[in-house]
Amino acid sequence: MTHIKVNVDGTTYEDDVEPRLLLAHYLRDRLGLTGTPIGCDTSNCGACTVDLDGATVKSCSVLAVQADDSEVTTIQGLARDGEWTPLQRAFHEQHGLQCGYCTPGMIMAARDLLRENARPTAEEVRQALEGNLCRCTGYQNIVRAVLAASGQDTGSGQQVTEEATA
């Protein structure tokens, strides 16, 4: 067992973990943060994407011990006092989800894009999300949601004007 200390969604946890325990399983099974789904367990789908020290990672490809002394933000850590972020609202308003399984990873990856590029083009959104798979939507509404969150007109008449990465 290896002792780790990690800040997840603003709360510090100290645990003894098996050195081979994946961060995704630590978040879900040990901390009960089931908003981060495990889609493929091979890092292909991106459903388990989280922020680790400000960078997006697929939590099924990171060991929990690698998160020692780090800060992790999951989809569950984005909303404040029950209020969705503008990006989360845009996914809802633009119908950027169907079954919702990929949505946490899509939002976390889109959040990272918007931190680096506040006004991306549709093509830049597609490139940024290419490591996240959706088997339901065809991606068009996901792209619209990210554009709306950046304050751009999506052709649907809806825009989100607040800071998208809040």
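The values are calculated or read from the model by the stated rules, or taken from the named source; none is laboratory data. Please read these numbers as outputs of a predicted model, since none were measured by experiment. Reconstructed Cβ throughout: ideal geometry from the backbone, glycine too, with neighbour counts over all protein chains shown. Keep in mind that these areas ignore ligands, DNA and RNA; they rest on the heavy atoms of the full protein, side chains included. Shrake-Rupley method; radii C 1.70, N 1.55, O 1.52, S 1.80 Å.
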Consider region 12-40. How many of its residues are in a helix (DSSP H, G or I) and either open to solvent by 40 Å² or more (accessible area, probe 1.4 Å) or at pLDDT below 95 (or both)? 4
Selection from region 71-87 of residues that are outside any strand (DSSP E or B), open to solvent by 20 Å² or more (accessible area, probe 1.4 Å) and not β-branched (Val, Ile, Thr): 76, 79, 81, 82, 84
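Any idea how many residues of region 89-129 are on the phi > 0 side of the Ramachandran plot and more than 14 Å from the chain's Cα centre (by Cα)?
Here the count works out to 1.
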Determine which member of the set 68, 51 is surrounded by fewer than 17 Cβ atoms within 10 Å (Cβ to Cβ) and touching a strand residue (DSSP E or B) at 6+ places or on another chain (Cβ under 7 Å). 68
Restricting attention to region 134-154, the residues that are closer than 13 Å to residue 99 by Cα and at pLDDT below 85 number exactly 2
Of all residues in region 96-152 being under 19 Å from residue 61 (Cα atoms) and charged (D, E, K, R), the one that is most open to solvent (accessible area, probe 1.4 Å): 130
Close pairs (9 angstrom Cβ cut-off, 6 or more residues apart or separate chains): at positive phi in region 5-33, open to solvent by 40 Å² or more (accessible area, probe 1.4 Å) anywhere: 9/76; 10/71
